[in-house]
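Below is one structure, written out as structure tokens, with a few remarks after it.
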Amino acid sequence: MPFHEPTVRASILVALPSYLGARDVDIRSLLSEAGLSETAADNPDEPLPLNNVGMLFELTASRLADPGLGISYAKVFPPGATGLLGHLMITAPTVRDVFQVLTRYLQVHTTPMQPRFEIHDDGVGWFSFAWPSSFTSPQIQYTGFAMASLILRLRRATGPNWLPLAVHFHHRAPDDVEPYRHFFGSRLKFDQRDCSIAVDASTLAMPMPELLPKLHETVRAMGDRVLKEHVHLNDAASQLQHLLADRLPSGQPFDLDSVAKALGTQPRGLQWRLQQEATTYEQVLLLTRMLHAERHLRDSNHPMTEIANLLGFSELSAFTRWCQRHYKMTPSASRRHLRQGGGAAPPPSPRSPLEDPA
């Protein structure tokens with residue numbers, strides 16, 4: 001079945017060679033160890049596999065013995081270095097516009113992404129995102145970098161000591177949480193469903209430093225052109241995978257009839273489209289569960305009962321049987337295996353045993 005590799009622009013590595021060089025570390029060895037070419041950082045517009053980039057951040061943290069590497073790197077990452085997305089952010093008129101830009105244009109930098117920005121009745125704005133389910137490499141350092149980079153861009157308007165109302169991370173608390181408290185403040189939560197940042201109404205209205213009058217309009221027009229040219233993943237398997245990723249943890253029904261209706265088609269029509277892509281509903285469900293199970297087991301401290309619920313299982317025993325069937329070990333053993341650096345199970349092939357949706 002289709003397995004779409006998430007990507008990120010190589011511009012994310014623009015400051016890494018000098019950052020490592022100042023610490024007598026050769027980036028080439030780390031790139032190779034992460035499965036990237038030695039020239040991966042040379043072309044900023046080149047899309048790189050997000051899984052390999054995530055692994056690169058983890059390896060760098062280990063090599064430098066820096067548990068807050070993502071935050072440390074964000075502090076030296078130049079504003080606007082992410083190219084079009086970066087220029088849209090630094091030319092945005094207000095803090096609110098920064099979040100709106102991210103929500104609309106993040107996918108031109110990282111694919112696939114579906115961020116959200118909502119202003120609640122109390123005027124507080126919540127910006128949230130979840131990494132693609134196919135981003136399966138360790139994510140703690142890369143997530144720290146992404147969240148810290150956003151905070152630093154906002155501090156251009158709010159001042160160097162500004163802190164958001166809340167910061168949530170989807171992964172478990174790191175072994176050393178002090179770098180997070182020092183940078184993000186004490187209003188932290190880990191093991192959340194999404195990564196999110198809450199900002200009060202007065203901060204949202206703050207103007208960003210103006211570079212040139214009407215520059216944002218020009219950059220935004222360019223961004224709209226790029227969006228139109230952007231290739232979206234419109235195949236049935238990808239649509240189904242995204243829908244299942246939302247429904248499994250929410251308690252919404254995810255049987256074939258329900259998901260077909262949500263996708264605006266009939267069960268037979270969805271089955272036919274999936275058949276043309278050499279897969280089935282059961283196989284997409286199995287892959288979605290495997291990707292999320294590995295992330296929850298490795299990166300979160302959720303108890304097994306909660307992970308079972310997040311994956312749509314009716315009870316823990318069903319999740320345990322599923323793990324033993326697909327990983328040949330219990331959930332607890334799978335967690336130990338993944339956290340010790342063990343490899344994840346390969347994506348299922350169309351001939352794998354059918355998924356039990358119970």
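The values are calculated or read from the model by the stated rules, or taken from the named source; none is laboratory data. These numbers were taken from a predicted model, which means no experiment stands behind them. Counting neighbours? That spans all protein chains shown, and the Cβs are built from the backbone with ideal geometry, glycine included.
Criterion applied to Ala81, Ala61 was being modelled with pLDDT under 95 and of a type outside the set (Lys, Arg), and the one residue passing it is Ala81. Would you check if Arg268 is of a type in the set (D, E, K, R), in contact (Cβ under 8 Å) with a residue 60 or more places away in the chain and not assigned by TED's automatic domain parsing to the domain that holds Gln192? Against the criterion (of a type in the set (D, E, K, R), in contact (Cβ under 8 Å) with a residue 60 or more places away in the chain and not assigned by TED's automatic domain parsing to the domain that holds Gln192), Arg268 does not qualify. Selection of first residues in region 53-69 that are within 17 Å of Tyr180 (Cβ to Cβ) and of second residues that are of a type in the set (Gly, Ala, Ser) and surrounded by fewer than 24 Cβ atoms within 10 Å (Cβ to Cβ), restricted to Cβ pairs under 6 Å at least 6 apart or on distinct chains, gives the following pairs, ordered by first then second residue: Asp66/Ser72; Leu69/Ala61. Candidates in region 37-52 are the residues that are touching a residue at least 40 places away in the same chain (Cβ under 8 Å) and buried (at least 21 other Cβ atoms within 10 Å of the Cβ); of these, the one that is farthest from Pro132 (Cα to Cα) is Leu48. Scanning region 295-343 for residues that are out of contact with any Pro (no Cβ under 8 Å at 6 or more places or on another chain), closer than 27 Å to Asp175 by Cβ and among the basic types (Lys, Arg) yields Arg295, Arg335, Arg336, Arg339. In a residue-by-residue description of region 68-75, the property of being in contact with a Pro (Cβ under 7 Å, 6 or more places away or on another chain) and part of a loop (DSSP other than H, G, I, E, B) applies to at least one position. Taking the criterion of being assigned to a loop (DSSP other than H, G, I, E, B) and under 20 Å from the mean Cα position of the chain (by Cα), would at least one residue in region 216-231 satisfy it? There is at least one residue in region 216-231 that is assigned to a loop (DSSP other than H, G, I, E, B) and under 20 Å from the mean Cα position of the chain (by Cα).
Annotation: of all residues in region 84-114 being assigned to a loop (DSSP other than H, G, I, E, B) and under 19 Å from the mean Cα position of the chain (by Cα), the one that is farthest from Arg28 (Cα to Cα) is Gln114. Selection of first residues in region 183-199 that are without any contact (Cβ under 8 Å) to a residue 60 or more places away in the chain and assigned by TED's automatic domain parsing to the domain that holds Ala148 and of second residues that are buried (at least 18 other Cβ atoms within 10 Å of the Cβ) and assigned to a loop (DSSP other than H, G, I, E, B), restricted to Cβ pairs under 7 Å at least 6 apart or on distinct chains, gives the following pairs, ordered by first then second residue: Gln192/Phe169; Gln192/His170. Among the residues of region 146-157, is any in contact with a Lys or Arg (Cβ under 7 Å, 6 or more places away or on another chain), without any contact (Cβ under 8 Å) to a residue 60 or more places away in the chain and either β-branched (Val, Ile, Thr) or not assigned by TED's automatic domain parsing to the domain that holds Ala245 (or both)? No; the residues of region 146-157 include none that is in contact with a Lys or Arg (Cβ under 7 Å, 6 or more places away or on another chain), without any contact (Cβ under 8 Å) to a residue 60 or more places away in the chain and either β-branched (Val, Ile, Thr) or not assigned by TED's automatic domain parsing to the domain that holds Ala245 (or both). If the condition is being surrounded by 11 or more Cβ atoms within 10 Å (Cβ to Cβ), assigned to a loop (DSSP other than H, G, I, E, B) and modelled with pLDDT under 90, then region 324-341 contributes only Tyr327.
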